[in-house]
1. Inter-copy label distances at A:Gly389, 7 Å along the Cα→beta-carbon direction, one decimal in nm, shortest first?
2. Only counting protein heavy atoms at a 1.4 Å probe, give the residues of the stretch A:35-52, ordered by number, whose accessible area falls by 20 Å² or more when the other protein chains are present relative to the chain alone.
3. Assuming a viscosity of 1.567 mPa s and a temperature of 4 °C, what translational diffusion coefficient in µm² per second does Stokes-Einstein assign to the stretch A:1-48, Rh being the Kirkwood radius over Cα pairs?
4. Determine the relative contact order of the stretch B:341-453: mean sequence separation of Cα pairs under 8 Å and six or more apart, normalised by residue count, in whole percent.
5. Under the rule of -39500 (n - 2.57) per DSSP H run of 4 or more residues, summed and divided by the residues of chain B, what mean residue ellipticity at 222 nm is obtained, to the nearest 500 deg cm²/dmol?
6. With heavy atoms of protein chains only and a 1.4 Å probe, what residues of the stretch B:306-347 have at least 30 Å² less accessible area in the full set of chains than alone?
7. At B:Gly75, with labels set 7 Å past Cα in the Cβ direction, how many nm apart are the copies from this one, shortest first?
8. Name the long-range amide H neighbours of A:Glu86: under 5 Å, sequence gap of 5 or more, or other chain; modelled H, no Pro or chain starts.
There are 2 protein chains.
Amino acid sequence: MTAQRLVVIGADAAGMSAASQARRRKGPDELAITAFERGHHTSYSACGIPYWIGGDVDGPDRLIARTASEHRSRGIDLRLGIEAVELDPDRGRVRTRDADGSYAWTPYDHLVIATGAVPARPRIPGIDADGVFGVQTLDDGEAVLDGLARDGVRSAVVVGGGYIGVEMAEAMLRRGLSVTVVDAGDQPMSTLDPDMGALVRDAMEGMGIEVVSGAQVREVLTGGDGRARAVATKDAEYPADIVVLGIGVRPGTELARDAGLPLGEAGGLLTDRAQRVRGHGEIWAGGDCVEVLNVVSGSLQHVALGTHANKHGLVIGTNIGGGYATFPGVVGTAVSKVCDVEIARTGLKESQARAAGLRYVTATIESTSRAGYYPDASPMTVKMLAELGSGRLLGTQIVGREGAAKRVDVAAVALTAGMTVEAMTSLDLGYAPPFSPVWDPVLVAARKAAAAVGQP
Amino acid sequence: MTAQRLVVIGADAAGMSAASQARRRKGPDELAITAFERGHHTSYSACGIPYWIGGDVDGPDRLIARTASEHRSRGIDLRLGIEAVELDPDRGRVRTRDADGSYAWTPYDHLVIATGAVPARPRIPGIDADGVFGVQTLDDGEAVLDGLARDGVRSAVVVGGGYIGVEMAEAMLRRGLSVTVVDAGDQPMSTLDPDMGALVRDAMEGMGIEVVSGAQVREVLTGGDGRARAVATKDAEYPADIVVLGIGVRPGTELARDAGLPLGEAGGLLTDRAQRVRGHGEIWAGGDCVEVLNVVSGSLQHVALGTHANKHGLVIGTNIGGGYATFPGVVGTAVSKVCDVEIARTGLKESQARAAGLRYVTATIESTSRAGYYPDASPMTVKMLAELGSGRLLGTQIVGREGAAKRVDVAAVALTAGMTVEAMTSLDLGYAPPFSPVWDPVLVAARKAAAAVGQP
């Protein structure tokens with residue numbers, strides 16, 4: 001028997017999870033696995049980069065979950081510094097370019113596209129100046145740290161107030177810089193409703209971070225040495241010895257698009273539930289380059305998160321390995337923090353519920369992480385959306401301190417199960433004074449939402 | 001219109017939640033509310049007593065959620081120091097005895113029985129000696145603190161290795177005593193499987209707590225002054241300037257039993273889903289004196305937990321107030337800690353699954369509370385039971401450190417929803433490095449359990 005040939009493009013979470021799982025199920029005599037990675041690192045935690053830059057985590061080695069040599073020792077032919085430049089689905093082959101510019105075609109029986117995401121980069125004057133950094137790759141992390149090590153670096157502007165933006169604001173603050181976040185939205189954390197985002201803003205301002213909302217960055221101003229010195233909006237200039245770009249990402253699907261593979265409205269690859277690219281039985285895709293079903297809205301969306309990428313990889317590898325697995329979609333859970341302020345959301349926020357054609361009630365409550373009398377009981381705000389009539393949970397947002405964010409998991413499971421907020425009020429959640437008030441904050445919110453729906 | 005008469009027996013969580021909710025829905029012209037309490041405190045957190053004794057919490061006032069005068073100001077006729085001594089369901093009246101020994105009958109239209117639980121007290125020589133304490137009431141708490149304040153108090157024996165036992169072991173340790181826990185079970189925390197209980201034992205021993213398992217206390221030995229000086233088992237004596245009884249509770253249902261109300265095998269009142277006592281349309285019961293349905297095993301059980309008592313009270317008060325609410329049962333969730341070791345369980349442990357006629361597989365994994373590279377990532381062990389064939393989650397146990405216990409809530413919601421462990425592997429739980437590894441420990445356990453069930 002000749003071994004089948006699996007080719008993986010992109011050697012990060014989705015790609016290498018797929019390769020590893022396929023290898024676990026099929027030995028080299030059954031399946032030959034080749035993985036191409038244009039960068040020089042594999043299986044690293046991009047989500048950890050802000051904490052490395054902030055000084056909480058040693059890097060970059062600690063951010064690498066599995067090294068190239070570990071993958072190779074498991075029988076995966078991993079080739080770093082090799083870029084895939086063309087797909088030929090009709091003939092089942094991938095064209096690559098290596099570091100010295102020579103090209104080659106590699107045939108496959110199974111192809112995994114795991115080309116990740118591309119950070120957004122505004123096309124404005126000065127964007128390529130010395131001192132302007134992205135934070136997606138380990139090389140980006142090294143570059144920011146080199147930038148911080150220079151003499152006279154005192155101020156940072158973070159462009160974007162989403163997850164990466166607020167995490168990088170924390171990192172810059174911890175490095176002792178004065179920090180300004182410039183964001184186009186009305187409030188930071190536009191994945192939350194504005195009333196909840198306002199709580200994040202207040203907390204960030206309390207930490208000494210300047211938050212400029214509703215502002216487009218027009219230009220990065222440079223000094224005589226060509227280095228960034230400030231960021232300009234229509235109305236003002238903000239000093240910036242360092243500029244960090246954290247304005248989100250888009251699916252990295254140029255290769256797939258050029259090959260005629262199906263893309264969705266957000267630019268991500270469209271797959272079936274087994275993570276096969278639609279209409280292509282032998283091409284699989286997962287991670288930041290695909291669109292996922294949001295089971296609450298019923299719509300596809302692009303979510304760049306390592307946890308989904310790992311699940312996609314596991315599903316793909318299981319299927320290629322001869323097993324059976326599917327990815328049922330997401331409910332839109334995300335957690336983050338800025339210093340000691342924890343932020344969490346799942347399901348739909350108000351504008352998303354409206355866009356999905358859903359009518360809803362909202363309930364917002366304040367409670368504490370532990371029994372009110374227990375030391376370090378910290379306040380948190382929980383907002384819940386429930387569908388009119390049915391009372392089905394639609395979404396939950398939490399802003400608080402220690403012990404707040406992971407409570408969103410209760411709502412994530414309830415969303416997955418299609419629970420009503422009335423049913424949630426009876427949930428048997430863990431209670432003891434060090435862990436929760438006798439009514440967990442999520443239950444308090446569910447009670448208020450159930451009353452708003454119209455409890456008997 | 002004459003106001004209806006609601007009489008509540010027992011003015012703690014269940015009773016006063018019921019009274020408060022009924023009052024919120026019906027004013028004094030519609031509903032007259034009288035509550036009898038034989039003790040001198042109302043609406044207090046018994047669960048907080050170990051933390052008060054340990055010195056984490058000021059007491060006893062901070063443990064009182066709502067004072068008698070607050071209840072009275074809301075139009076509830078709360079009578080402290082009055083004991084209900086007889087029920088007469090046929091004529092709809094309650095007989096009480098007041099502090100000076102005089103008796104009276106009070107008629108009711110609705111009766112709420114919230115008589116709580118009675119701590120178990122072994123009948124052994126010396127059990128009533130000076131220096132032997134229970135920890136159920138605020139008066140108990142004061143007594144323990146007085147005992148600790150005496151000169152020469154250096155050693156404590158805690159009888160019982162369950163929730164109260166381990167929490168009191170922590171409290172005694174924090175007060176600087178040398179602590180021995182004497183427990184009849186094979187391992188402490190018999191609500192866990194022995195393999196998980198062994199982790200708790202190891203952790204307790206690491207803190208310097210002596211854990212004596214499989215041992216019955218035979219006698220409390222006293223000195224010439226009549227004060228406790230040691231605890232004797234069949235094989236040994238353990239020095240004990242203080243003895244704390246933490247061997248569990250039974251439903252306090254003498255009054256109900258004498259009145260012929262229906263009791264279950266565990267001695268608790270039997271109710272319908274609206275918390276009406278079975279066969280008695282005008283008598284309601286909730287809290288530590290009732291049995292609850294465990295929806296996983298399908299059996300009734302007695303669970304003394306403030307969080308259930310509060311829910312029962314809300315359900316009863318809603319129904320008496322003219323609304324509609326039910327209590328669907330429990331899944332058996334409980335969380336606790338000993339110093340920095342967190343303990344959690346939900347659903348069924350192995351012996352409970354067998355007793356319920358269920359066949360199962362188990363999976364035990366080790367993971368961390370945060371991304372492995374993030375500061376303070378702490379190890380945790382998660383054990384999961386899943387039903388053979390169906391793959392339905394049956395139970396989850398967790399022993400770890402900071403960030404471990406409340407993860408059990410994910411399993412509690414999954415149990416409520418009847419999820420399979422395979423479905424759980426796709427749950428969209430919150431991920432960011434400060435909060436979780438990219439695969440949350442609960443997901444890792446679910447993956448292993450799904451494989452044990454027989455994933456394709």
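The values are calculated or read from the model by the stated rules, or taken from the named source; none is laboratory data. Computed from a prediction, not measured in an experiment: that's the story for all the values here. Quick reminder, even Gly has a Cβ in these numbers, built from the backbone with ideal geometry, and neighbours come from all protein chains shown. Quick note on the areas: whole protein, heavy atoms, side chains included, nothing else; ligands and nucleic acids left out. Shrake-Rupley method; radii C 1.70, N 1.55, O 1.52, S 1.80 Å.
1. Nearest to farthest, the other copies are at 3.9 nm.
2. With the partner chains in place, the stretch A:35-52 has these residues losing at least 20 Å²: A:Ser45, A:Cys47, A:Tyr51.
3. On the way: Rh = 11.4 Å.
Value of D from the Cα-based Kirkwood radius: 114 µm²/s.
4. Taking the mean separation of contacting Cα pairs over the length of the stretch B:341-453, I get 34 percent.
5. Details: 12 runs with 114 residues, N = 456.
Estimated from H runs of four or more residues: -7000 deg cm²/dmol.
6. B:Thr307, B:Asn310, B:Lys311, B:Leu314, B:Tyr324, B:Thr333, B:Val335, B:Lys337
7. 7.7
8. Close amide H contacts, sequence-distant or interchain: A:Arg95.
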